[in-house]
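The block underneath contains the structure these notes are about, expressed in structure tokens.
The values are calculated or read from the model by the stated rules, or taken from the named source; none is laboratory data. The structure displayed is predicted, hence computed values, not measured ones. Neighbour counts are summed over all protein chains in view; Cβ atoms, including those assigned to glycine, are modelled from backbone coordinates with ideal geometry.
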Amino acid sequence: MLTAVIDVRGEPIQLTATLGPLVRGVVEGLVGTAMLVARRHSEDITSIADAAGCRVLVAETWAEGFARAVTNAPGAGILVIDAGLQLGPDFWPLLTDKLPVLGNRPAATEPALRSGFVSPLRALGDVFNNLTGRVTRESALLLPPGRARELAQAKADPFAQHYGQMLVRLKASVTRIDLR
């Protein structure tokens with residue numbers, strides 16, 4: 001089973017939008033535990049976590065919270081998601097198909113499509129990210145336990161890493177819940 005680690009930033013409604021699709025992962029037996037990493041204590045986050053059966057870790061930085069969440073996490077891997085990112089219904093069947101063949105390779109969904117005009121500079125950055133195996137917060141990231149523990153020991157942000165040619169891109173739909 002996977003352990004989901006969610007970076008709680010922004011509004012509580014973004015967190016609920018992220019947690020909703022995780023229910024299917026729990027029902028299908030893919031997700032066993034969900035940990036929310038928050039920068040400060042919040043009654044809203046605590047009540048959402050209680051209702052969803054999640055654990056809340058309060059840490060000064062995302063990297064520190066990620067490290068604490070991963071250190072003793074059981075299971076086959078770590079699913080890292082930014083609050084506000086919503087997994088599409090095609091994610092779980094795709095993950096079920098790909099999980100046995102991933103082995104020790106990290107995987108990430110394609111970045112969520114951005115609305116509006118995409119600047120040439122941003123498009124060039126997206127191409128660079130794809131070539132170097134970099135993942136942005138617009139993707140859900142699946143890390144094998146060993147790689148997740150390496151990042152945890154270094155107290156590194158998993159979204160700031162270059163995974164290179166090892167990274168498997170998953171063609172699953174994700175959307176960003178934007179409250180602006």
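Does the range 141-155 contain any residue that is at pLDDT below 90 and part of a loop (DSSP other than H, G, I, E, B)? Working first, answer last.
First pass over the range 141-155, keeping only residues at pLDDT below 90: none.
No, the range 141-155 contains no residue that is at pLDDT below 90 and part of a loop (DSSP other than H, G, I, E, B).
I'm trying to understand the selection: among the residues of the range 61-83, which are among the β-branched types (Val, Ile, Thr) and over 13 Å from the mean Cα position of the chain (by Cα)?
From the range 61-83, those among the β-branched types (Val, Ile, Thr) are 61, 70-71, 78, 80-81; that's our starting set.
Across the range 61-83, the qualifying residues are Thr61, Thr71.
Of all residues in the range 148-167, those being surrounded by fewer than 19 Cβ atoms within 10 Å (Cβ to Cβ) and closer than 15 Å to Leu2 by Cβ number 1. Among the residues of the range 7-27, how many are free of Cβ contacts under 8 Å to residues at least 40 places away in the same chain and over 20 Å from Ala76 (Cβ atoms)? Qualifying residue count for the region: 3.
Among the residues in the range 85-92, are any surrounded by fewer than 16 Cβ atoms within 10 Å (Cβ to Cβ), within 20 Å of Ala172 (Cα to Cα) and either more than 16 Å from the chain's Cα centre (by Cα) or not small (Gly, Ala, Ser) (or both)? Yes; the residues of the range 85-92 include at least one that is surrounded by fewer than 16 Cβ atoms within 10 Å (Cβ to Cβ), within 20 Å of Ala172 (Cα to Cα) and either more than 16 Å from the chain's Cα centre (by Cα) or not small (Gly, Ala, Ser) (or both).
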